[in-house]
1. With the condition kept exactly as written, say whether any residue in the stretch 60-82 is open to solvent by less than 70 Å² (accessible area, probe 1.4 Å), closer than 23 Å to Leu164 by Cβ, part of a helix (DSSP H, G or I) and free of Cβ contacts under 8 Å to residues at least 24 places away in the same chain.
2. Where residues in the stretch 92-145 are open to solvent by 50 Å² or more (accessible area, probe 1.4 Å) and in a helix (DSSP H, G or I), which of them is farthest from Cys178 (Cα to Cα)?
3. For the stretch 24-46, state whether one or more residues are part of a loop (DSSP other than H, G, I, E, B), open to solvent by 50 Å² or more (accessible area, probe 1.4 Å) and farther than 29 Å from Tyr106 by Cα.
4. Looking at the stretch 13-48, which of its residues are β-branched (Val, Ile, Thr) and touching a Phe, Trp or Tyr at 6+ places or on another chain (Cβ under 8 Å)?
5. Please determine, by comparing only the residues of the stretch 146-179 that are touching a Leu at 6+ places or on another chain (Cβ under 7 Å), of a type in the set (Gly, Ala, Ser) and assigned to a loop (DSSP other than H, G, I, E, B), which one is surrounded by the fewest Cβ atoms within 10 Å (Cβ to Cβ).
6. Yes or no: Glu70 more than 16 Å from Val132 (Cβ to Cβ) and of a type in the set (Asp, Glu)?
Amino acid sequence: MLQVPNTSQPELQAQIHELPKVDLHRHLDGSIRLETIIDIAREYDIALPVYDVETLGSFVKAKPASTLVEFLSPWGSIFKYCFPNRAVISRLAREAVEDAWKDNVYCLELRFSPEYMAAVRNLRLQDVIEGVVDGVEIAGKQYPTIVKLIVSISRQCEARGWALPQDILRAALEYSDCG
């Protein structure tokens, strides 16, 4: 059994940070750096409510909510625009792995929703998946974190006009040997 020493909050946080970890459900879209959101917004002419990291952070920070939709709404209004093309998606995946490594995560399951990421810019599901796979492979050359990918399918994808579940499954199976 792990014994937690009687330490101050900052000391305890530092000790926890140093522990090796396994992260079994990290959301790619929830792992995007605020600086990266601002970079993408500027490069691709995406309107944000603010363009400084601190204020943007307070805008998307989790807040108490009575429903999941209410809880997720600040992210949906910003993050859905962060996937303009395969190269950016690759960057996001690479940075997510890098940040996991900086958190001492030695084994990571990175979850993403190709239909959500493809929807706004009408990307092909394959471009989204290839972007994530590329980013993970690039990060794998720099960081020893073991990364496996989880492709999720939204229950509401058809109602939202996104790709059909069977198309998402087919696209994911094309890359089943890529983690």
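1. For the stretch 60-82, residues open to solvent by less than 70 Å² (accessible area, probe 1.4 Å), closer than 23 Å to Leu164 by Cβ, part of a helix (DSSP H, G or I) and free of Cβ contacts under 8 Å to residues at least 24 places away in the same chain: present.
2. Lys102
3. Yes, that holds for at least one residue.
4. Val22, Ile32, Ile37, Ile38, Ile40, Ile46
5. Only one residue tops the list, namely Gly179.
6. It is true that Glu70 is more than 16 Å from Val132 (Cβ to Cβ) and of a type in the set (Asp, Glu).
Matching residues to (1) under 18 Å from Ala41 (Cβ atoms); (2) among the polar types (S, T, N, Q); (3) at pLDDT 80 or above:
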site	(1), (2), (3)
Ala62	no, no, no
Leu68	no, no, no
Ser77	yes, yes, no
Asn85	yes, yes, yes
Glu95	yes, no, yes
Asp99	no, no, yes
Asn104	no, yes, yes
Leu108	no, no, yes
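The values are calculated or read from the model by the stated rules, or taken from the named source; none is laboratory data. On a predicted model such as this, the values are computed, not experimentally measured, just so you know. Counting neighbours? That spans all protein chains shown, and the Cβs are built from the backbone with ideal geometry, glycine included. These area figures cover heavy atoms from the full protein model, side chains too; ligands, DNA and RNA do not enter into them. Shrake-Rupley method; radii C 1.70, N 1.55, O 1.52, S 1.80 Å.
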